[in-house]
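The structure appears right after this line, and notes come after that.
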Amino acid sequence: MGLGELLLLALGVSMDAFAVSICKGLAMKKATIKEGLTCGIWFGGFQALMPLIGFTLGSLFAEAIESVDHWVAFVLLALIGANMLKESFEKDESCEVNPDFTFRTMLAMAVATSIDALAVGVSFAFLKVNIWTAVLLIGITTGALSAVGIYLGNIFGSRYKSKAEFVGGLILIGMGLKILLEHTLLA
C-alpha cells in the first residue's frame, strides 16, 4: 500500500471523528483554539493508537490465514464503509453531542470514533503495511480534521456531517475493493 493509498485510508477512517467534531462545534457558543486542539489531540491520538493495537492483534494470526487475507481486509473495510454510508443517510441530522471537553467525555468519544480504526489495523497486518507510517498519517489527518471540524461546526452547523460520513464510507469500500481485486486478479 503506497503513501497515497494510506492517505486516502487515513481520510476515510477520520470522517467519524470529523463528524463528531462538527457536532461539538455546533453545540458551542464560540470555538476556541484550545477546544480545537483538545479534539485534535484526543481524536488523532486514539485514531493512531487503535490501528497499532489492531495491527498487533492481526499479526498474531496473519500467517494462519494468509491465503484469505485479502478477503479479510476487504470484508473489514467494506463493513466499516457500509456502516458509514448507512449513517450518512439516516434522517436524524441533529447533532446530539455535548460541548463538554472533560476527560471522561473526550475519552468516551475518542474510543467510540476510533473503533473502526482498530479493524483497519487488523487489515494492515495482512497487507504488510508500514504500520508506523500508517499510524502517523492516520493520527495527523484525524487530528487536523477534528480541529478544523470544531470551527466548521461552529460556523456552518451540521451541514457537512452526513457528507463527511458518506465520503469516508466510499473511500473505505473503494480501498477494500482495490485490495480484493489486486489479490484475486493479479494472483
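Note on the chain: with charges restricted to the Cβ of Lys and Arg (+1) and Asp and Glu (-1), its dipole about the Cα centre is near 620 debye. Of the residues N154, A17, G143, the one whose Cα sits farthest towards the positive end of the charge dipole of the chain is N154 (charges of +1 on Lys and Arg Cβ, -1 on Asp and Glu Cβ, taken about the Cα centre).
Rounded to the nearest Hz, the phi-derived 3J(HN,Hα) couplings of the range 62-73 under the Karplus curve 6.51 cos²θ - 1.76 cosθ + 1.60 (θ = phi - 60°) are 4, 5, 5, 10, 4, 5, 10, 4, 5, 5, 4, 4, where x marks glycine and proline. Expressed as a whole percent, the accessible surface of the range 1-63 that belongs to carbon and sulfur atoms is 74, based on a 1.4 Å probe. The C-alpha atoms of the chain define a longest principal axis, and helix 103-127 lies at about 20 degrees to it.
Per residue, the accessible area of the range 1-130 comes to 49 Å² when a 1.4 Å probe rolls over the protein heavy atoms. For the range 1-50, taking Cα atoms only, Rg and Dmax work out to 12.7, 42 Å respectively.
Quick one: helix 131-156 against the long Cα principal axis of the chain, what's the angle to the nearest 10°, folded into 0 to 90? So the helix axis and the longest Cα principal axis differ by about 30 degrees. Loop-located trypsin sites (Lys or Arg not before Pro) across the range 64-155 with a Cβ neighbour count of 15 or fewer within 10 Å are K91, K128, with loop assigned by DSSP.
Helix-only arithmetic for the chain: the sum of -39500 (n - 2.57) across DSSP H runs with n ≥ 4, divided by the residue total, places the mean residue ellipticity at 222 nm at -28500 deg cm²/dmol. By how many degrees, between 0 and 90 and to the nearest 10, does the Cα long axis of helix 3-27 differ from the longest principal axis of the chain? It is inclined by approximately 30 degrees. Here the range 117-187 and the range 1-36 have alpha carbon centers that stand 11 Å from each other.
The values are calculated or read from the model by the stated rules, or taken from the named source; none is laboratory data. Just so it is clear, the model here is predicted, and its values are computed rather than measured. As a convention, Cβ positions derive from the backbone with ideal geometry for all residues, glycine included, and neighbour counts pool all protein chains shown. Keep in mind that these areas ignore ligands, DNA and RNA; they rest on the heavy atoms of the full protein, side chains included. Shrake-Rupley method; radii C 1.70, N 1.55, O 1.52, S 1.80 Å.
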